[in-house]
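Quick notes on the structure that follows.
The values are calculated or read from the model by the stated rules, or taken from the named source; none is laboratory data. These numbers come from a predicted model, not from an experiment. A quick note on method: Cβ atoms are made from the backbone with ideal geometry, for glycine too, and the neighbour counts reach across all protein chains shown.
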Amino acid sequence: MVGLAVIGLAVVLVVGALLPDDLDRAAVEREVAAEYEERIGTAVEVRCPEDMPVASGEVYPCEGTRTDGDVVYIEIQIADPGGERDYNWWTPPE
């Protein structure tokens, strides 16, 4: 019985180690807000999903509220997991 528990724990640990890490939501929101203001010239408060696993090609929808109250949609796409920066972002055409 103890042997099965040890094997079960080992499987959980191995599977957990293989699952991708999540992007740091707060860091992504800050970085995108700063870059948005730099590119567009308007401050924006960005909100992204809680879970954004780092898996190549995944796209996550975020929402921003500009200082004038307008809402903008921002997409985050995982670019090169493990690279210098794991994601890119853009605002889709309306």
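One table, with the values for the structure above:
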| quantity | calculated |
| --- | --- |
| Single unsatisfied condition, residue 36 versus (1) outside any strand (DSSP E or B); (2) at negative phi; (3) surrounded by fewer than 16 Cβ atoms within 10 Å (Cβ to Cβ); (4) modelled with pLDDT of 90 or more | (3) |
| Of residues in region 53-80 being in contact (Cβ under 8 Å) with a residue 24 or more places away in the chain, among the β-branched types (Val, Ile, Thr) and farther than 19 Å from residue 43 by Cα, the one surrounded by the fewest Cβ atoms within 10 Å (Cβ to Cβ) | 54 |
| Residues within region 46-78 that are under 11 Å from the mean Cα position of the chain (by Cα) and not β-branched (Val, Ile, Thr), tallied | 14 |
